[in-house]
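Since the structure comes first, as structure tokens, the remarks are kept for the end.
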């Protein structure tokens, strides 16, 4: 059964974390490493995304991110369908570029 662009999801993690103290910088680095370890890819500074086969897989990942939340700062999680993600406008300077391609194969872990 082919994957539907309306069922396949992208989960975004967007955050603003303080970095004024050594402890804050350590918390920032730990949170970022946990996102990368969970398979997220950096799209922009403090904006990470992961391609998922379904909303149910997104629920599991949301719980994983919630468990890793630092004690300070703001974190937002947003899920969009693959179809919606493909409609994103991306610009490098004034030049438009295509949105990132989904991975060729979905991870099953």
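The values are calculated or read from the model by the stated rules, or taken from the named source; none is laboratory data. On a predicted model such as this, the values are computed, not experimentally measured, just so you know. Backbone-built Cβ (ideal geometry, glycine too); neighbour counts: all protein chains shown.
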* **Pair list, Cβ under 9 Å, 6 or more apart: the stretch 31-56 residue touching a residue at least 12 places away in the same chain (Cβ under 8 Å) and on the phi > 0 side of the Ramachandran plot, other residue outside any strand (DSSP E or B) and surrounded by 15 or more Cβ atoms within 10 Å (Cβ to Cβ)** => 39/61; 46/17; 46/32
* To do: Hey, could you check the stretch 15-54 for residues that are at pLDDT 95 or above, surrounded by 16 or more Cβ atoms within 10 Å (Cβ to Cβ) and in contact with a helix residue (DSSP H, G or I) (Cβ under 6 Å, 6 or more places away or on another chain) and say which is farthest from residue 74 (Cα to Cα)?
  => 48
* Only strands (runs of 3 or more DSSP E) wholly contained in the stretch 58-109 count here; list those with 3 or more residues that are in contact with a helix residue (DSSP H, G or I) (Cβ under 9 Å, 6 or more places away or on another chain) and at pLDDT 90 or above. => 74-81
* the stretch 69-87 residues that are at positive phi and surrounded by 14 or more Cβ atoms within 10 Å (Cβ to Cβ), paired with ones that are in a loop (DSSP other than H, G, I, E, B) and at pLDDT 95 or above (beta carbon under 7 Å, 6 or more apart) -> 73/17; 73/18
* Structure fact -> Out of (1) in contact (Cβ under 8 Å) with a residue 24 or more places away in the chain; (2) within 17 Å of the chain's Cα centre (by Cα); (3) surrounded by fewer than 16 Cβ atoms within 10 Å (Cβ to Cβ); (4) not in a helix (DSSP H, G or I), the one residue 12 does not meet is (3)
